[in-house]
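Novice: Starting off with a structure, shown below.
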Amino acid sequence: MKLYLTFLTIIITNSICYAQSNIIFGEVKDSKTKQVLKYVSIGILNKSVGTVSDSNGRFTIKLNEKVSNTDTLIFSSIGYVTKKYTISDLSDINLIELFPEDKYLADVLVKSTKRKPKIIGRNNKGLGLMHLNFYTAYEKTIDDRLSKEIGMKFRIKKDCKISDLNFNVTSNDFKLVKFRLNFYTIENGLPTNLFIEKNIVFEIKDQFLGWYNLDLKSFQLYLGKENEEIAVTIQWVESQKKNEKSKYFAISTAMSATEHSFYREKAMDKWLKSGQSLSFYLNAMCK
């Protein structure tokens, strides 16, 4: 009961607290406009401790036995300067404010050349016998999935403009799931830095099953052959259960000797790769 009352007090005062139960509560805002910032990635580097802020800018993060007071909690959002705090520092902070990042974009010369349609990735669902699920036995609540990422490595051999993303949903117990689409460079075989910094959040409603299509034409996304290999992922940022037993959200996959997927359990966690090829692809117009 004391923990519950503490939770209510913290939410009302918009403060941050490192509770005895090793749970941190807080709120994230824009330092200039004071607007709340939703879906900010929050986590400890290379540890399975992370989450994202909700639609009201609030977050709850659970610390495990591997976390110490000297560990650093990272707050990262596209368009903002990343902030870092040690766990011990957070007890003295009332609010996390992120500063907008000043970026000057170089002019891009787009030549009017003929492009041809190209599929990048795996556009079939095979026999439908294998599925990659966002749920594992370690998750106790729906919020345990916040900030998880799953995606594929793609090889880019030509200059392309991205038209849409497609993936095959084979299991879905949710009234609503929201994802963020991320594009990473790859170094030493694993995703590293975001190189397309656009906050692309989309939602899947009403227990949708089958091929989901995300139209990306309005975002003007270009992939250059100089990228060679990239990782394209979807990150779980919000969800609503259909009922109390709602648990599963899966994408069809198949074992592959040449292709593999990437995943990480929490924001800032270590990336892992699997010898699976998701039913997950981009449609593009390429030179």
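Novice: Given the criterion within 24 Å of LEU272 (Cβ to Cβ) and of a type in the set (Lys, Arg), identify the matching residue among LYS175, LYS125, LYS118.
Specialist: On the way: LYS175 fails: within 24 Å of LEU272 (Cβ to Cβ); LYS118 fails: within 24 Å of LEU272 (Cβ to Cβ).
Every option except LYS125 fails the conditions.
Novice: If you don't mind, another one. Under 8 Å between Cβ atoms, at least 6 apart or on separate chains: pull out the pairs that start in the stretch 14-32 with a residue that is closer than 22 Å to ILE78 by Cα and end on any residue that is modelled with pLDDT under 50 and among the β-branched types (Val, Ile, Thr).
Specialist: Within 8 Å, the pairs are PHE25/ILE10; PHE25/ILE11; PHE25/ILE16; GLY26/ILE10; GLY26/ILE16; GLU27/ILE16.
Novice: Only one of LYS157, LYS153 is closer than 30 Å to ARG115 by Cβ and surrounded by fewer than 15 Cβ atoms within 10 Å (Cβ to Cβ); which? Step through it out loud before you land on a result.
Specialist: On the way: LYS153 fails: surrounded by fewer than 15 Cβ atoms within 10 Å (Cβ to Cβ).
Result of the check over LYS157, LYS153: LYS157.
Novice: Of everything in the stretch 106-116 that's over 30 Å from TYR80 (Cβ atoms) and surrounded by fewer than 10 Cβ atoms within 10 Å (Cβ to Cβ), which residue is modelled with the highest pLDDT?
Specialist: Looking at residues that are over 30 Å from TYR80 (Cβ atoms) and surrounded by fewer than 10 Cβ atoms within 10 Å (Cβ to Cβ), I get LYS114.
Novice: Of all the strands (runs of 3 or more DSSP E) wholly in the stretch 171-258, which have at least 3 residues that are over 16 Å from the mean Cα position of the chain (by Cα)? Before you say what the answer is, go through the steps one by one.
Specialist: On the way: elements: 174-187, 190-194, 200-205, 210-215, 229-241, 249-255.
Result: 174-187, 210-215, 229-241, 249-255.
Novice: Then there's this: What residue, among those in the stretch 36-76 that are among the small types (Gly, Ala, Ser) and without any contact (Cβ under 8 Å) to a residue 60 or more places away in the chain, is surrounded by the most Cβ atoms within 10 Å (Cβ to Cβ)? Walk me through it before giving the result.
Specialist: Filtering the stretch 36-76 down to residues among the small types (Gly, Ala, Ser) leaves 41, 43, 48, 50, 53, 55, 57, 68, 76.
Still in the running and without any contact (Cβ under 8 Å) to a residue 60 or more places away in the chain: 53, 57, 68.
On the way: SER53: 27, GLY57: 20, SER68: 11.
By that ranking, first place goes to SER53.
Matching residues to (1) assigned to a strand (DSSP E or B); (2) touching a Pro at 6+ places or on another chain (Cβ under 9 Å); (3) modelled with pLDDT under 85:
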site	(1), (2), (3)
TYR85	yes, no, no
GLU97	yes, no, no
TYR104	no, no, yes
SER147	no, no, no
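Novice: (1) among the β-branched types (Val, Ile, Thr); (2) at pLDDT 85 or above; (3) surrounded by 12 or more Cβ atoms within 10 Å (Cβ to Cβ): which one isn't true of ILE93, the others all being true?
Specialist: Among (1) among the β-branched types (Val, Ile, Thr); (2) at pLDDT 85 or above; (3) surrounded by 12 or more Cβ atoms within 10 Å (Cβ to Cβ), the lone unmet condition for ILE93 is (2).
Novice: On to the next question. Would you mind telling me which numbered condition in (1) farther than 26 Å from GLN35 by Cα; (2) within 23 Å of the chain's Cα centre (by Cα); (3) modelled with pLDDT of 90 or more; (4) not assigned by TED's automatic domain parsing to the domain that holds ASN199 GLY121 fails?
Specialist: The failed condition is (4).
Novice: A further question follows. Can you pull out the residues in the stretch 196-237 that are touching a Gly at 6+ places or on another chain (Cβ under 8 Å) and more than 25 Å from LEU176 (Cβ to Cβ)? Give the steps one after another, and end with the answer.
Specialist: Our first condition is that a residue be touching a Gly at 6+ places or on another chain (Cβ under 8 Å); within the stretch 196-237, this holds for 197, 199, 231-234.
GLU197, ALA231, listed by residue number.
The values are calculated or read from the model by the stated rules, or taken from the named source; none is laboratory data. The model shown is predicted, which means the values in this text are computed figures rather than measured ones. As a convention, Cβ positions derive from the backbone with ideal geometry for all residues, glycine included, and neighbour counts pool all protein chains shown.
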